[in-house]
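Enquirer: Got a structure here, written out as structure tokens. Questions coming.
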Amino acid sequence: MKSHVTEVELKLRDQKLISLDSAKQEILPSNSGFYWIYTKLDINDFLLSPKPNNPTHIDFSNISSVHQNLKHIIHKGEDEYWCVYNGKGKQLRNRVVAEFSNTKGKTGTLALSRCFKEDDFKLKYIICNAPESPNGISIAYESLQRDLERAWRLNNGWPLLSRA
């Protein structure tokens, strides 16, 4: 798994941060893969967030309070974007969009637009089974879906808003 994490990490380093609108245009509906959400917001912005009405939405204040000052959580640097979440999706574009939507559904999501503006966040992503894409790797999603997200976190630090 370490070699896959390294390959993904190299691809991420070469990518520029993009907006949600750009991700919607670049990621095809059939793409499967992994995504990372970055922000320049401070942890205090998350700590002061209101509690969600939908129990499937992440409670930013609670999770930030639990994760605050822990050694292996990714921390904000000086005027830099920092990774606050990473995830995966068989239908990657739909999953990324759902992280911003204030959905009424039963599927867990960040629902970032509930408390913040889309412009507060940027993204990076990796598409599986797409070696020809600058953001792609040749490895099948099915062989990575169980472990890559967690292995990346163990290697790079735990994003502030990631629960499990």
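Enquirer: Kindly provide the GluC sites (Glu not before Pro) of segment 1-110 that DSSP labels as loop, not H, G, I, E or B, and whose Cβ sees at most 13 other Cβ atoms within 10 Å.
Expert: GLU78, GLU80
Enquirer: Further question on the same structure: For ALA164 paired with LYS24, estimate the spin-label separation in nm (one decimal), with each label point 7 Å from Cα along the Cα-to-Cβ line.
Expert: 3.0 nm
Enquirer: Return the long-range amide H neighbours of VAL84 (sequence gap of 5 or more, or a different chain), with a cut-off of under 5 Å between placed amide H atoms.
Expert: The answer is ILE37, TYR38, THR39.
Enquirer: Amide H of TRP158 versus every other amide H placed in the peptide plane: which residues, excluding those fewer than 5 positions away on the same chain, fall under 5 Å?
Expert: The answer is ILE73, ILE74.
Enquirer: Please compute the modelled spin-label separation between GLU78 and ASN62, points set 7 Å along Cα→Cβ, answer in nm with one decimal.
Expert: A separation of 3.7 nm, rounded to one decimal place.
Enquirer: Now for a separate question. What length, rounded to one decimal in nm, is gained on full extension from ASN69 through to LYS51, with 0.36 nm per residue of separation minus their alpha-carbon distance?
Expert: Difference between extended and current length: 4.4 nm.
Enquirer: Measuring from label point to label point, each 7 Å out along Cα→Cβ, what is the MET1 to ASP119 span in nm?
Expert: 4.0 nm
Enquirer: Hand me the trypsin sites (Lys or Arg not before Pro) from segment 118-151 located in a DSSP loop with no more than 11 other Cβ atoms within 10 Å, in residue order please.
Expert: Taking segment 118-151 and a limit of 11 other Cβ atoms within 10 Å, the loop trypsin sites (Lys or Arg not before Pro) found are ARG146.
Enquirer: Would you mind computing the Rg to Rh ratio of segment 2-156 from its alpha-carbon coordinates, Kirkwood style for Rh?
Expert: 0.95
Enquirer: Kindly put ASP14, ASP147, ASP59 in sequence by how many other C-beta atoms sit within 10 Å of each C-beta, fewest to most.
Expert: ASP14, ASP147, ASP59
Enquirer: Which trypsin sites (Lys or Arg not before Pro) from segment 1-64 combine a DSSP loop assignment with at most 10 other Cβ atoms within 10 Å?
Expert: In loop regions of segment 1-64 (DSSP not H, G, I, E or B), the sparsely surrounded trypsin sites (Lys or Arg not before Pro) are LYS16.
Enquirer: Here's a follow-up. Mind jotting down the distance between the C-alpha centroids of segment 1-71 and segment 76-142, whole Å?
Expert: Result: 6 Å between the Cα centres.
Enquirer: Can you give me the relative contact order of the chain as a percent, contacts being Cα pairs under 8 Å and 6 or more apart?
Expert: 35 percent
Enquirer: Sorting LEU10, LEU47, LEU161 on the 10 Å Cβ count, fewest up front, what's the list?
Expert: Least to most surrounded, the residues fall as LEU10, LEU47, LEU161.
Bear in mind these aren't lab numbers, they're just calculated from the coordinates by the rules spelled out. Small disclaimer: the values here were computed from a predicted structure and weren't measured. Note that we place each Cβ from the backbone using ideal geometry, even for glycine, and neighbour counts take in every protein chain shown.
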